[in-house]
């Protein structure tokens, strides 16, 4: 994905395009998994909290 492709995808997600949001969440799944680890195992509640927080607040992102 080129930087322009990502920028366009992010703009769509910020504009509440559900498909774009799903693509971004899928793209960043490895990062969410990494930061959801507790004692070496993925804490599903923490992971869900991260995903929900991003989904609810993505429209607050400022894009140049």
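What follows draws every value from the coordinates through simple rules; no lab data is involved. These figures come from a predicted structure and were not determined experimentally. Glycine gets a Cβ as well: all are built from the backbone with ideal geometry, and neighbour counts include every protein chain shown.
Some values worked out for this structure:
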item	result
Residues of the range 43-64 classified as touching a helix residue (DSSP H, G or I) at 6+ places or on another chain (Cβ under 7 Å) and assigned to a loop (DSSP other than H, G, I, E, B), total	2
The range 20-59, subset in contact (Cβ under 8 Å) with a residue 12 or more places away in the chain, farther than 20 Å from residue 1 by Cβ and more than 9 Å from the chain's Cα centre (by Cα), residue surrounded by the fewest Cβ atoms within 10 Å (Cβ to Cβ)	59
Selection status of residue 17, in contact with a strand residue (DSSP E or B) (Cβ under 9 Å, 6 or more places away or on another chain) and surrounded by 12 or more Cβ atoms within 10 Å (Cβ to Cβ)	no
Residue count for the range 1-19, restricted to those that are within 23 Å of residue 47 (Cα to Cα) and in contact (Cβ under 8 Å) with a residue 24 or more places away in the chain	4
Subset of the range 2-42 (residues that are on the phi < 0 side of the Ramachandran plot and not in a helix (DSSP H, G or I))	2, 15, 17, 28, 36, 37, 38, 41, 42
